[in-house]
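Structure, as structure tokens:
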Amino acid sequence: MQNRDFIRDKTNDVLAGLAVTSQEAERLLFTDDLMTLAESANTITRAYNANKVDVETLLNAKAGSCPESCSFCAQSSFYDSKITKYPLLPTEVVLQRAQTAKEGGASSFCLVCAYRAPPERDFQQICETIAEIVNKVDIDVNVSLGFMTRLRARKLKSLGVKRYNHNLEAAESYFSKICKTHDFADRMNTAQIVKDEGLELCCGGIIGMGETPQQRLELGFSIASLRPDEVPVNILVAQQGTPLSQVPQIPGEDVIRIIAVWRFIMPKTILKIGGGREIHLKDMGRLALKAGANGLITGGYLTVGGNKPDKDLRMIHEIGLHT
Ligand code: SF4
């Protein structure tokens, strides 16, 4: 079967509710007909998610000094990355940032902290902050605090947190190359706790860390097995001082390919282009939103800057989509 016919066949299968196999996903990933792949991923996106783009703003509410060894991360205490480190931000500062995110057009605000898991005192302060935001700002509140217990997940749910972010980061077969202080099963466990306790799950990963294209698919299938509501696709921004600082940049076309194929694997989720978009995709960011992605993070990331929200909102409207 010609590549184009194969892609269209698989598109019809996905639209009919059928899953793609790993062999089929691999054939899609390596197709020589990238335009048909992108258009088909867009067809699936529009069928299940219409024209809406989910725009999120992040706040790094506690930066650096994390005891974990994730080799892509400038916030790990294992590496001398020269980022600005600071303890947990006071409630009034976080509240102000949530208000600014709302005024900038974001539909959700994600409070992120660099911990393995917050110490109890910090967790209590985070809970008070969440309660303030939920009461005073009309925005979806998401959080990312590292490893979770059932009790804490329940508490966050009771406060009105909508979604909890916990990425798998890398394929299981590659995970030991990027982290020594915890393993893939630890990450799956927290993701499962989040689901079990009724929070929405945001769970994605990072591509361009030296993994093979097949490992990107492996990661996609592991994420899909958790049935997440949202999947961030981050692209490594090699940070000075980290072990991955010299990893060659992944071509923008490879990013488009994996976004498109993850859309076939996870037809209904919010597939969000995360960190690295502005550096690796440049103007292909527009194409990504017409090739399977239906979300983006605006206003910068945890340790690197990003586009201003008005620039991203303009781009979304220019390509006929809306927030
Ligand atoms: S990715 Fe998260 S857990 Fe890993 S070092 Fe960075 S902040 Fe810590």
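The values are calculated or read from the model by the stated rules, or taken from the named source; none is laboratory data. Note that the coordinates shown come from a computational prediction; the quantities given were computed from them, not determined experimentally. Cβ placement follows ideal geometry from the backbone for every residue including glycine, while neighbour counts extend to all protein chains displayed.
Structure data summary
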{"read-out": "Condition check for Ser22: in contact with a Pro (Cβ under 9 Å, 6 or more places away or on another chain), in contact (Cβ under 8 Å) with a residue 40 or more places away in the chain and over 30 Å from Thr323 (Cβ atoms)", "value": "no"}
{"read-out": "Residue selected from segment 152-182 under the condition among the hydroxyl-bearing types (Ser, Thr, Tyr) and closer than 30 Å to Gln214 by Cβ, by the criterion farthest from the ligand (Cβ to nearest atom)", "value": "Ser173"}
{"read-out": "Looking only at segment 286-323, and only at residues there that are small (Gly, Ala, Ser) and at pLDDT below 85, the one that is farthest from the ligand (Cβ to nearest atom)", "value": "Gly320"}
{"read-out": "Residue within segment 45-53 that is surrounded by fewer than 20 Cβ atoms within 10 Å (Cβ to Cβ), under 22 Å from Arg227 (Cβ atoms) and aromatic (Phe, Trp, Tyr) present", "value": "yes"}
{"read-out": "Subset of segment 57-75 [within 11 Å of the ligand (Cβ to nearest atom), part of a strand (DSSP E or B) and within 19 Å of the chain's Cα centre (by Cα)]", "value": "Asn60, Lys62, Ala63"}
{"read-out": "Condition check for Ser81: hydroxyl-bearing (Ser, Thr, Tyr), in contact with a Ser or Thr (Cβ under 9 Å, 6 or more places away or on another chain) and more than 16 Å from the ligand (Cβ to nearest atom)", "value": "no"}
{"read-out": "Single condition Val237 does not satisfy, out of (1) over 16 Å from the mean Cα position of the chain (by Cα); (2) farther than 27 Å from Arg46 by Cα", "value": "(1)"}
{"read-out": "Pair list, Cβ < 6 Å and 6+ apart or interchain, from segment 292-312 residues that are more than 15 Å from Val112 (Cβ to Cβ) to residues that are modelled with pLDDT of 80 or more and in a helix (DSSP H, G or I)", "value": "Gly292/Ala41; Gly292/Thr45; Gly292/Ile259; Gly292/Ala260; Gly292/Arg263; Ala293/Ile259; Asn294/Thr45; Asn294/Asn49"}
{"read-out": "Lone unmet requirement of (1) over 17 Å from Gly275 (Cα atoms); (2) touching a helix residue (DSSP H, G or I) at 6+ places or on another chain (Cβ under 9 Å); (3) in a loop (DSSP other than H, G, I, E, B); (4) away from the ligand (no atom under 14 Å from the Cβ) for Glu92", "value": "(3)"}
{"read-out": "Single match in Leu156, Leu145 (criterion: in contact with a Pro (Cβ under 6 Å, 6 or more places away or on another chain), surrounded by 16 or more Cβ atoms within 10 Å (Cβ to Cβ), more than 17 Å from Ala224 (Cα to Cα) and not basic (Lys, Arg))", "value": "Leu145"}
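Matching residues to (1) without any contact (Cβ under 8 Å) to a residue 40 or more places away in the chain; (2) among the charged types (D, E, K, R):
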position: Leu34; (1), (2): no, no
position: Asp80; (1), (2): no, yes
position: Thr91; (1), (2): no, no
position: Leu95; (1), (2): no, no
position: Asp122; (1), (2): no, yes
position: Gln125; (1), (2): yes, no
position: Val141; (1), (2): no, no
